[in-house]
Amino acid sequence: MSRWILALCVLFAACGGPTVPWSDAPSAPLDLRVAVAPGSVQLLQPVAVTLDLWAGPGVEPEFAPTFDPKDFAGTTRVVPAVPLFGGTWHRTVLELKPVRGPGELVLPPFTARQKGGDATAATPETKVVVATALVGQAAAIEAPGQPFPTPFQGAYWIAGGAGAGALAAAVWWWWRSRPARVGAHPDAVALPPHVTALRALQRLRGDARTTPAEVERFYVAVSDVLRSYLEARFGLHAPERTTEEFLRELEGGDGLARAHRSELERFLSQCDLVKFAAHVPTEHDHLAAWALAEQFVQATRADRAVEAVA
């Protein structure tokens, strides 16, 4: 009989249904299995935690898996139970997005119990690796350059003469060019908005955040960096507008920025709570807010905006 059930499961999977995690009926009254895909993601990227529970004949299971909201944001989807090997197969999918990192986030063991009985089943501890979006991008953030070579120690008199000549030439050039020096140098090359924003965020990441005044100053500074980037990158008038006014303007703006509206709204709301509601977040909240700003800049930078947005 089990061969016929196994054949039906294989046919069900071939027709597009979910893959059955058992090849034969488990020996215990309850059997619980877990699968995480993918195992490594960036902040706010989706990861699916699939929990398959088999309950033997006449066994009614109790199973309500949860996750830590400090590590993940997401939803729980329960698939209707189906008969399998004389019992029932229950599938629950946790559709999660990590909000803290980089590093490893631990999913503790999930446990199912028999209603009115002693049978239990549990999964092992599983981990999700959260990678930083800056991996492999150092060359795009900091301009490469070689250190100056050590001057020849025995030629000080040559260096002194050359320095005096260079100083005289610089003074002459400055005197000749004074009428034309209005504003920025005409040959200056402006940095791309994402390079300016990422450098500013890197400097802010190490700021002190121990007192309420330091925490508020950190959130104001990170918010100002992101708003200045939005104005330079998409032409949005972000610095002088409230969060509500800016989000309304975003709806009619660039499609790429509009695709990340939820992340922007979450980040700006967190900053508003700190600035106007005297909210005191934790260190995990500080790093998560900083990472949201950094992730948005990386996702919308002009040299990567080749993907069409619906």
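No value in this document is a laboratory result; all are computed from the given coordinates. Given the structure is predicted, the values throughout are model-derived calculations rather than measurements. Please note: Cβ atoms are built from the backbone with ideal geometry, for glycine as well, and neighbour counts cover all protein chains shown.
Over region 193-304, what per residue volume does the convex hull of the Cα atoms give, in whole Å³?
Details: hull volume 9.9 nm³, N = 112.
Cα convex hull per residue, to the nearest whole number: 89 Å³.
Estimated translational diffusion coefficient (Stokes-Einstein, Kirkwood radius over Cα pairs, 20 °C, 1.002 mPa s) of region 2-130: 137 µm² per second.
Remark: spin-label model distance residue 48-residue 169 equals 6.6 nm, labels positioned 7 Å along the Cα→Cβ axis. Annotation: amide H-H contacts under 5 Å for residue 85 (H modelled 1.01 Å from N, sequence separation of 5 or more, or interchain): none. Note on residue 97: lysines with a C-alpha under 25 Å away, same-chain residues under 8 apart excluded, are 70, 127.
Take every Cα pair under 8 Å in region 193-304 that's 6+ residues apart, average their separations, divide by the length, and report that relative contact order as a whole percent. Can you show the working numbers first?
Values: 93 pairs, mean separation 38.0, N = 112.
For region 193-304, the relative contact order is 34 percent.
A simple rule links phi to the HN-Hα coupling: the Karplus curve 6.51 cos²θ - 1.76 cosθ + 1.60 with θ = phi - 60°, which for region 221-236 gives 5, 5, 5, 5, 4, 5, 5, 5, 5, 4, 5, 6, 7, 10, x, 7 Hz, with x for Gly and Pro. Rounded to the nearest whole Hz, the Karplus-based 3J(HN,Hα) values (6.51 cos²θ - 1.76 cosθ + 1.60, θ = phi - 60°) of region 81-88 follow the sequence 5, 10, x, 7, 6, x, x, 9, with x at glycine and proline. By the rule of a C-alpha distance below 14 Å, with chain neighbours fewer than 8 residues away ignored, the aspartates and glutamates paired with residue 115 are 60, 62.
When you filter the trypsin sites (Lys or Arg not before Pro) in region 37-94 for DSSP loop state and at most 15 other Cβ atoms inside 10 Å of their Cβ, you are left with 70.
Would you please name the chymotrypsin sites (Phe, Trp or Tyr not before Pro) within region 41-139 that are DSSP coil residues with at most 16 other C-beta atoms within 10 Å of their C-beta? Qualifying residues, ordered by number: none. Partners of residue 275 within straight-line reach, counting aspartates and glutamates whose Cα lies under 12 Å from its Cα and excluding those fewer than 8 residues away in the same chain: 214, 216.
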